[in-house]
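Asker: Can you read through this structure? Questions will come right after.
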């Protein structure tokens, strides 16, 4: 095998599909037959300097894939498999890997360092491979630069894989010392210095203690700042990346370095190559992000003089920062508006200017206005565009009082520029700026809108005209219309848009039919605006929306007629179907939810449903999702009448529930099951066996994305509420699953915010399931079937209370379940309830909550318990 | 070692419309789930379980030609009713409030808990009972739902239709509660200060308190009512003030406070509620009324002109077989009308007839009141929905001859149980 493995690995990268397939099968077979020997062969291959680089690289890659996977569950399985291997096998593999770090072949070294980091990620938390860091550190002192480079790279990957808690401070200190020494200007070898700089980027999370120590922090910062001046561009870029990372991780430690950092970044923005300059701008953007977050926190809670403190770096840097950013605006690239992937200094600088405006508010206005006034009428399009972009950027942040007088003057100028400016780039930015004006200076939340009944007509005329302009300008005009319309969302029946409603819809439909609507996302933008127009329609304009139904249905029908499409055409068809289903979804929700229009609208229900089913027949994830959402809205509007569509729809519902790969589709289908439960109530019963089977399978699957699991639990509740005591037969499956999920989620180690958020979603799903089941069984003679589950459920509630990390939504759901349990089980549960903490301290806490939803839920629980115990 | 994505959203909103559609769909689903949950919770198990036999019959008997809305029809045609309860047929107040005319009156007339008159002092008065002064005025149900408030008298007829600060009691800009939320209060409307005095809470924000003890209902009433602003002075969206009545533990202090204390309202006797009793529609011996001349202007019944007649009068219901009965369940027989008289008159079963009591004929046998011969006076007022109850007839009789006196109440208290419950009073008055 050892002889053969090289050839197999090479064949696996062959351009010949047959030999590639054969090689892949052989590898798979080898792995299945003798996993330890498979690993030894691969690591031997990787370590062998005699072997071709391609086979070595692939050997390392396969090794890495035996250790790690994206999906958390799979990842855990792989880690367990590695840990359970014979110690001597593991030792041999590791020896090969460490040996490879000294290989003269860069790709082999680099691959080995990644594999080492993966193994470290598995073993270090288990307190295994304690000698690794020592070995790596001793490598650093070797003279050969390539070994040093590979070792630093390994340390970098290692810091990325392993969480900081795993390493003790002594090791961290040694790693950081090695890394920072490698970065030092005295390091003669650029490869080493680059590897060290990149390693620091990952090691920053480990440096908490070091950043709290003034001397150590000064030293690290000095080395990073020096690296930004390196003659080697890659080192400068990596050093700025470190600065960006430091700005978010150690915002509160930056005060004494800000002056120096400003000088460094300003120089880079003005003089350096683009990749470096972009990082330098990004530094300021991320400082803005930090300060916006902190100030938001201040705003939401005045008592929060807690651990976060705003240093107002942006405010202090403002007089120098703003001119630097304004300069970047003049460095536009021709045609950047047509290029979806473009990202250049002008774009980054403008974006940063917008963030600065949000951070400091009014203070930015006087610093930017002279630039605008100076440039907005210049003959050079770059100056007009830069001025317009600057104006658009500062519309979010400053107070309406500050902006209104300026915008009142500027509005007419902008409308004229959108019509008359000879340059498309200027028109593009002008239309975008108008959209920003409508977004922030107009609408029910704005005290005095800059839009009046008088100028509204003029604005609409210009926008509708501009929608006939080149695609990128038309797209921005559609976007501006979106916000103009949105501002009238709450204006009630007398919307100033009503007289133009028909024209607006016609104009948007014409845009969707443009031959070039595929460019610059134009068609999408037109449909999005159309959706917003529908959402903001009033009783008065509802008839016009009603007329839109057959039009959109016809469009959708036409996409279904097309045959023998090329791959490219099929993709376009799918996209269009997605847009049309999305639009129908919005219409259904609008017309189906108002009593006045519902009846007339429902005459289209049969045809709509038929179209959606045909759309499902040409499977595509996005379309599937949009059509599914539309059907959910239709079910809600149709109520019990939806039952007649169930036979035809059910197969697609099943498909959606089985779609593990496109988990959003699965999640949305689960939500639609809930819609159908509420629409059909007990009439959903004949379909429940199938639905429950799929939901239970979904829950047990390791393949399904975890975010779908909470909604599945909620869906159990929806089903139970719909079919009542008929849920009996599912209890033996659903209850144990709920129970084990409850146990897991009650004491989940919530290390980070994201995990805590997920845990709370899971808890909420479980609690909604319990609520639905209890309420479903209420008044049934079979209530007693639930009695055996009561102790565990009460325990779950108690432990949630004791853990003290639930959010408001969970709190409301939890205390509600307490009420539902009491309500349904009555006197029988009295003693159990009396023993629970939930019925005392938890309930008391909720009763005096400031959140009225929690309070209402607690009122319910208190009442239900009182009835249960006195009854 | 991938540094974070540099590119930020450029000239495009951070959230796509597709994401917005998803989010809006999720919000809709969450909202609807919570609505269904709340609907289920509000469908209390033992609420309004109307015996299907008695009501449509009564309806037909009383209003044979009434095509307005019969209860039975209303039940058939009310889709919400079916939707909210696939298995159990409950008619709840919101649906009942959609009933019109006589059907509505008939329905509401049967929802109040009616006190018996105190003939004997119940045992453990001080341990198990509350006492409070009864405001003089019209007993009524107040229902707030769907942005308006309606009060209905004992006979089911509408007293006021008005906006109030009760949850969902007015159409105001700021939404005080989700649309399905409603409240039902047992009140006395006190004319002089145009105030609804709430004496009991039956449903609050859609949650039933029927199965809760009086102790809990009073606690809930005292803590919840003021939260809503219903006790504030009248305003545009709140036409009448609501007020709670101070409720006392029925010990010596409590009894004295209720009996002699000064209140914002004119007193009409004392009410006694057993603290463990649930809210029960119709007559109940667990809620009692007692009056004497000092605490009420209306101890003895008056006639339609407001005069106390020389002889005690009673209103009884005529049955199929000519028997004359009280409103109790089961009815108590007080006399019988001969067939000939019925045939000669236009009387029908179910009519309420007024009689004078002839004192000489009255006897009390084993503690039971027997009226003996009665003198027919006439048909009772049309608005009447009930005959007199046995306890009322008995109380009126004793009031004229050997009334139960305040001293008798005091004397019945256990002297050992006395002065320790002052603090409890405070909690209830709040």
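The values are calculated or read from the model by the stated rules, or taken from the named source; none is laboratory data. These figures come from a predicted structure and were not determined experimentally. Cβ placement follows ideal geometry from the backbone for every residue including glycine, while neighbour counts extend to all protein chains displayed.
Asker: How many of the residues making up segment A:822-864 are in contact with a helix residue (DSSP H, G or I) (Cβ under 7 Å, 6 or more places away or on another chain) and closer than 19 Å to residue A:784 by Cβ?
Answerer: Looking only at that region, the number is 12.
Asker: Let me ask you something else. Please work out if residue B:278 is out of contact with any helix residue (DSSP H, G or I) (no Cβ under 7 Å at 6 or more places or on another chain), within 14 Å of chain A (Cβ to nearest Cβ) and part of a loop (DSSP other than H, G, I, E, B).
Answerer: So residue B:278 fits the description; yes.
Asker: Moving on. Which of the residues that make up segment B:377-397 are surrounded by 14 or more Cβ atoms within 10 Å (Cβ to Cβ) and outside any loop (DSSP other than H, G, I, E, B)?
Answerer: Residues satisfying the conditions are B:377, B:379, B:390, B:391, B:392, B:393, B:394, B:395, B:396, B:397.
Asker: Residue A:767 is checked against (1) surrounded by fewer than 23 Cβ atoms within 10 Å (Cβ to Cβ); (2) within 11 Å of another protein chain (Cβ to nearest Cβ); (3) outside any loop (DSSP other than H, G, I, E, B) and fails just one. What number does that condition carry?
Answerer: Just one mismatch for residue A:767, condition (1).
Asker: Does at least one position in segment A:786-794 carry a residue that is outside any helix (DSSP H, G or I) and touching a helix residue (DSSP H, G or I) at 6+ places or on another chain (Cβ under 9 Å)?
Answerer: no
Asker: Can you list residue pairs whose Cβ atoms sit under 6 Å apart, with the first residue in segment A:528-553 being more than 14 Å from chain B (Cβ to nearest Cβ) and the second being assigned to a loop (DSSP other than H, G, I, E, B) and buried (at least 23 other Cβ atoms within 10 Å of the Cβ)? Count only pairs 6 or more apart in sequence or on different chains.
Answerer: Going by the 6 Å Cβ cut-off, the qualifying pairs are A:545/A:537.
Asker: Only one of A:521, A:514 is in contact with a helix residue (DSSP H, G or I) (Cβ under 8 Å, 6 or more places away or on another chain), surrounded by fewer than 19 Cβ atoms within 10 Å (Cβ to Cβ) and more than 20 Å from residue A:461 (Cβ to Cβ); which?
Answerer: It is A:521.
Residues are listed down the side, and each one gets a yes or a no for (1) under 22 Å from residue A:842 (Cβ atoms); (2) at pLDDT 95 or above; (3) over 23 Å from the mean Cα position of the chain (by Cα):
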{"position": "A:700", "(1), (2), (3)": "no, no, yes"}
{"position": "A:725", "(1), (2), (3)": "no, no, yes"}
{"position": "A:737", "(1), (2), (3)": "no, no, yes"}
{"position": "A:742", "(1), (2), (3)": "yes, no, yes"}
{"position": "A:745", "(1), (2), (3)": "yes, no, no"}
{"position": "A:767", "(1), (2), (3)": "yes, yes, yes"}
{"position": "A:778", "(1), (2), (3)": "no, no, yes"}
{"position": "A:801", "(1), (2), (3)": "yes, no, yes"}
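Asker: So if I check each of A:632, A:656, which one is buried (at least 23 other Cβ atoms within 10 Å of the Cβ), within 30 Å of residue A:71 (Cα to Cα), touching a helix residue (DSSP H, G or I) at 6+ places or on another chain (Cβ under 9 Å) and within 13 Å of chain B (Cβ to nearest Cβ)?
Answerer: Testing whether each residue is buried (at least 23 other Cβ atoms within 10 Å of the Cβ), within 30 Å of residue A:71 (Cα to Cα), touching a helix residue (DSSP H, G or I) at 6+ places or on another chain (Cβ under 9 Å) and within 13 Å of chain B (Cβ to nearest Cβ) leaves just A:632.
Asker: Against the definition (more than 14 Å from every other protein chain (Cβ to nearest Cβ), part of a helix (DSSP H, G or I) and surrounded by fewer than 17 Cβ atoms within 10 Å (Cβ to Cβ)), how does residue A:828 come out, yes or no?
Answerer: Answer is no for this residue.
Asker: Go through segment B:13-35 and count every residue that is facing chain A (nearest Cβ under 8 Å) and crowded, with 16+ Cβ neighbours inside 10 Å.
Answerer: 10
Asker: Is at least one residue of segment A:674-687 more than 14 Å from chain B (Cβ to nearest Cβ) and at pLDDT 90 or above?
Answerer: yes
Asker: Right, another one. Hand me the list of helices (runs of 4 or more DSSP H) wholly inside segment A:147-232 holding 1 or more residues that are closer than 22 Å to residue A:99 by Cα and under 34 Å from the mean Cα position of the chain (by Cα).
Answerer: By residue number, A:169-183, A:190-203.
Asker: Report yes if some residue within segment A:835-849 is within 13 Å of chain B (Cβ to nearest Cβ) and closer than 24 Å to residue A:780 by Cβ; otherwise report no.
Answerer: No.
Asker: If I filter segment A:772-781 down to residues being in a helix (DSSP H, G or I) and under 15 Å from residue A:827 (Cα atoms), which single residue comes out as nearest to the other protein chains (Cβ to nearest Cβ)?
Answerer: For segment A:772-781, the residue satisfying everything is A:774.
Asker: Let me ask something additional. When the residues of segment A:851-871 are narrowed to those that are more than 9 Å from chain B (Cβ to nearest Cβ) and without any contact (Cβ under 8 Å) to a residue 24 or more places away in the chain, which ends up farthest from the chain's Cα centre (by Cα)?
Answerer: The residue in question is A:855.
Asker: Another question, if that's okay. Let me spell it out: the conditions are (1) more than 15 Å from residue A:818 (Cβ to Cβ); (2) more than 11 Å from chain B (Cβ to nearest Cβ); (3) assigned to a helix (DSSP H, G or I), and residue A:721 meets all of them except one. Which number is the exception?
Answerer: (2)
Asker: Which residue, of A:119, A:140, is surrounded by 19 or more Cβ atoms within 10 Å (Cβ to Cβ) and within 27 Å of residue A:751 (Cα to Cα)?
Answerer: After ruling out the rest, the residue left standing is A:119.
Asker: So residue B:224 clears everything in (1) part of a strand (DSSP E or B); (2) modelled with pLDDT under 90 except one condition, right? Which one?
Answerer: The failed condition is (1).
Asker: Within segment B:153-176, work out how many residues are assigned to a strand (DSSP E or B) and modelled with pLDDT under 90.
Answerer: Count: 2.
Asker: Residue pairs, Cβ under 6 Å, 6 or more apart or interchain, first in segment A:615-627 and in the same structural domain as residue A:586 (by the TED database) and more than 19 Å from residue A:671 (Cα to Cα), second part of a helix (DSSP H, G or I) and modelled with pLDDT under 75. List them.
Answerer: Between residues of segment A:615-627 that are in the same structural domain as residue A:586 (by the TED database) and more than 19 Å from residue A:671 (Cα to Cα) and residues that are part of a helix (DSSP H, G or I) and modelled with pLDDT under 75, the close pairs are A:615/A:623.
Asker: Return yes when residue B:232 is within 14 Å of chain A (Cβ to nearest Cβ) and part of a loop (DSSP other than H, G, I, E, B) and no when it is not.
Answerer: Criteria not met by residue B:232.
Asker: So residue A:819 fits all but one of (1) closer than 18 Å to residue A:789 by Cα; (2) within 13 Å of chain B (Cβ to nearest Cβ); (3) modelled with pLDDT under 90; what number is the exception?
Answerer: (3)
Let's see how each residue does on (1) outside any helix (DSSP H, G or I); (2) within 12 Å of another protein chain (Cβ to nearest Cβ); (3) out of contact with any strand residue (DSSP E or B) (no Cβ under 9 Å at 6 or more places or on another chain); (4) over 17 Å from residue A:583 (Cα atoms):
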site: A:461; (1), (2), (3), (4): no, no, yes, yes
site: A:465; (1), (2), (3), (4): no, no, yes, yes
site: A:479; (1), (2), (3), (4): no, yes, yes, no
site: A:496; (1), (2), (3), (4): yes, no, yes, yes
site: A:502; (1), (2), (3), (4): no, no, yes, no
site: A:515; (1), (2), (3), (4): yes, no, yes, yes
